[in-house]
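The values are calculated or read from the model by the stated rules, or taken from the named source; none is laboratory data. None of these values were measured; they are calculated from a predicted model. Every residue, glycine among them, receives a Cβ derived from its backbone with ideal geometry; neighbour counts consider all protein chains shown.
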């Protein structure tokens, strides 16, 4: 289940220093790419067209600190909302990051919502970032656990781990884009996570994470120009 229409979300309120820095960092990523005449995904794709469903890098991009990892892939054109998505990045927390997190009320409620699932997977899916053909972020979304083969964390833990993100995977342009976007779009991420849980709550807990009719649980389009303008005031 993928949403056909996405409504751009811009965060209200006065800009803060953290959002302004994240916006400047994000602009810097694309300014440097433009200076080099390069594409965000150029090194990752080795300048070749993407192959549908090919996972890049093959063994995922793993942070040098062993805390986060990500991979990029593209779907068939008919899977892209309005035909605008080139592909997307799935972002994960690795076991070293989430193991030992406290069982907060939010986390206990989320586990109950999902029928207290167990998994030996060493990752927890945090968020996915949709990209257009120019390599610009156009959406944020959350997928069901069967899509990535691991589990999710409650909204509180997920938002916290995303707010603390640092990346050094050997793909500096993509790493900087991810970090700056996540820091810029905390409000949007919070809304996606809240909607994710609302969708899960509409189904019976048993086997909800394996329900193939639930693929993309929640998604929001990004109006990046407006978001950056709001952040930088």
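Is at least one residue of segment 71-78 out of contact with any helix residue (DSSP H, G or I) (no Cβ under 6 Å at 6 or more places or on another chain), assigned to a strand (DSSP E or B) and either surrounded by fewer than 19 Cβ atoms within 10 Å (Cβ to Cβ) or at pLDDT below 95 (or both)? The answer is yes; a qualifying residue exists. Can you find, within segment 172-211, the residue that is surrounded by the fewest Cβ atoms within 10 Å (Cβ to Cβ) among those that are out of contact with any helix residue (DSSP H, G or I) (no Cβ under 7 Å at 6 or more places or on another chain), touching a residue at least 60 places away in the same chain (Cβ under 8 Å) and more than 27 Å from residue 32 (Cβ to Cβ)? Selected residue: 206. Quickly run through segment 112-138 and pick out the residues that are more than 15 Å from residue 193 (Cβ to Cβ) and out of contact with any strand residue (DSSP E or B) (no Cβ under 7 Å at 6 or more places or on another chain). Passing the criteria: 112, 115, 116, 118, 120, 133, 134, 135, 136.
Here is a yes/no grid of residues against (1) on the phi > 0 side of the Ramachandran plot; (2) in contact with a helix residue (DSSP H, G or I) (Cβ under 6 Å, 6 or more places away or on another chain); (3) at pLDDT below 95; (4) not in a loop (DSSP other than H, G, I, E, B):
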site	(1), (2), (3), (4)
29	no, yes, no, yes
32	no, no, no, yes
43	no, no, yes, yes
49	no, no, yes, no
53	yes, no, yes, no
59	no, no, yes, yes
65	no, no, yes, no
69	no, no, no, yes
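Just a yes or no: is a residue in segment 183-191 in a loop (DSSP other than H, G, I, E, B) and more than 15 Å from the chain's Cα centre (by Cα)? No, segment 183-191 has no match at all.
Entry remark, segment 121-151: residues being part of a loop (DSSP other than H, G, I, E, B), within 21 Å of residue 65 (Cα to Cα) and free of Cβ contacts under 8 Å to residues at least 40 places away in the same chain number 2 in total.
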